Amino acid sequence: METRHPYRGFIIEAHPYELRDIPGWSVEFHIEKHDGNGVTVTRFCFEKPHVFETKEAAIQAAVLSGHRKIDGGVTPNPEQMVTA
């Protein structure tokens, strides 16, 4: 599954990672906004560690959460790490 997904003028990029202490995967994601000034990237993570059975499930959750953030009017901020 691809980790970069265009959506409504933004790019959602999932960063899945395999957990060490328990079986499964977690993920954080970035939302990129490209404009005349360059690229602004805002990082997001899930509020509590979410555990997904597969890498693909983690990516899908990040993409869906990215859609909700964008639909809700996310304002990209390169210095910001916010919870999903």
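Just so it is clear, none of the values below were taken in a lab; they were calculated from the coordinates. None of these values were measured; they are calculated from a predicted model. Using ideal geometry, Cβ is built from the backbone for each residue, glycine included, and neighbour counts are taken over all protein chains shown.
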(Q) Just to confirm the number: angle between the C-alpha axis of helix 55-71 and the first principal axis of the chain, 0 to 90 degrees, nearest 10? (A) 30
Q.
I want to check the label-to-label distance for HIS67 and GLU32. Put each point 7 Å from Cα in the C-beta direction and report it in nm to one decimal.
A. 2.1
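Within 10 Å, Cβ to Cβ, of THR3, how many net charges do the neighbouring residues add up to if Lys/Arg are +1 and Asp/Glu are -1? Intermediate results must be reported in sequence, preceding the final value.
On the way: positive: ARG4, LYS55; negative: GLU2, GLU13.
It works out to a net charge of 0.
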Q. If contacts are Cα pairs under 8 angstrom and at least 6 residues apart, what is the relative contact order of the chain in percent?
A. 30
Q: Give me the number: length gained by fully extending VAL51 to ILE22, i.e. 0.36 nm times residue separation minus the C-alpha to C-alpha distance, one decimal in nm.
A: 9.6 nm
**Q.** For GLY24, residues with placed amide H under 5 Å, excluding near neighbours
**A.** LEU19
Q. Which shape class, rounded, prolate or oblate, goes with the chain when its Cα gyration tensor gives a ≥ b ≥ c as root eigenvalues, a/c under 1.5 marks rounded, and past that a/b bigger than b/c marks prolate?
A. prolate
Q: With +1 on each Lys and Arg Cβ and -1 on each Asp and Glu Cβ, and nothing else charged, work out how big the dipole of the chain is about its Cα centre, in Debye to the nearest 20.
A: 160
Q.
Taking θ = phi - 60°, what integer Hz values does the Karplus form 6.51 cos²θ - 1.76 cosθ + 1.60 yield along the range 21-36, in sequence order, with x for Gly and Pro?
A. 7, 9, x, x, 10, 10, 7, 10, 9, 10, 10, 9, 10, 9, 8, x
**Q.** Computed label-point distance, nm, for sites VAL41 and MET1 using a 7 Å Cα→Cβ extension
**A.** 2.1
